[in-house]
């Protein structure tokens, strides 16, 4: 997916789940992190970048492990400085990265159990009109679910 769609969709999902704009912003930063750490495909050899794309930076177990570690820090189960705000930021950046990976899994393959074993489907081509329609539909679904469940409480 294009970065704008990653950020919009991740932001809507997290805001619908949390009602917290700061957590939404942290997750939106995480929504571009997996691609950002791979570098710019236009800055050097495109095919070299392409061979590394959606490798270790798109491996969900890496982010799940970081969330586990950071949540232990936040709960004070690991000896550390009082860094509750930083751990919350880190956790939501990781949540954004995980949502990025899930979003990429509907437009290509991403790692699952290892950084080299990739799974996924290709519902649309990156940058195509169906990608934007998918994003709009997912945003509307989140809005509908949020509205429905807010009426129940």
### Message
When you scan the stretch 133-143, do you find a residue that is under 18 Å from residue 33 (Cβ atoms), out of contact with any helix residue (DSSP H, G or I) (no Cβ under 7 Å at 6 or more places or on another chain) and either at pLDDT 95 or above or surrounded by 12 or more Cβ atoms within 10 Å (Cβ to Cβ) (or both), even just one?
### Response
no
### Message
List pairs: first residue in the stretch 31-45 and modelled with pLDDT of 80 or more, second residue surrounded by fewer than 15 Cβ atoms within 10 Å (Cβ to Cβ) anywhere in the structure, Cβ distance under 8 angstrom, at least six positions apart or on different chains.
### Response
31/3; 32/3; 35/3; 38/52
### Message
Every residue in the stretch 127-146 that is touching a residue at least 24 places away in the same chain (Cβ under 8 Å) and more than 19 Å from the chain's Cα centre (by Cα), please.
### Response
145, 146
### Identity of the residue in the stretch 103-132, assigned to a helix (DSSP H, G or I) and touching a strand residue (DSSP E or B) at 6+ places or on another chain (Cβ under 8 Å), that ends up modelled with the highest pLDDT
131
### Message
Going by what's in this entry, would residue 149 be described as over 19 Å from the mean Cα position of the chain (by Cα) and either assigned to a helix (DSSP H, G or I) or closer than 17 Å to residue 34 by Cβ (or both)?
### Response
yes
### Query
In this structure, does residue 55 turn out to be modelled with pLDDT under 95 and under 24 Å from residue 126 (Cα atoms)?
yes
### Summary
Within the stretch 54-75, the residues that are within 16 Å of the chain's Cα centre (by Cα) and crowded, with 17+ Cβ neighbours inside 10 Å are 54, 57, 58, 59, 60, 62, 63, 67
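The values are calculated or read from the model by the stated rules, or taken from the named source; none is laboratory data. Computed from a predicted model, the values in this text were never measured in an experiment. Here Cβ is always computed from backbone atoms with ideal geometry, including for glycine, and neighbour counts include all displayed protein chains.
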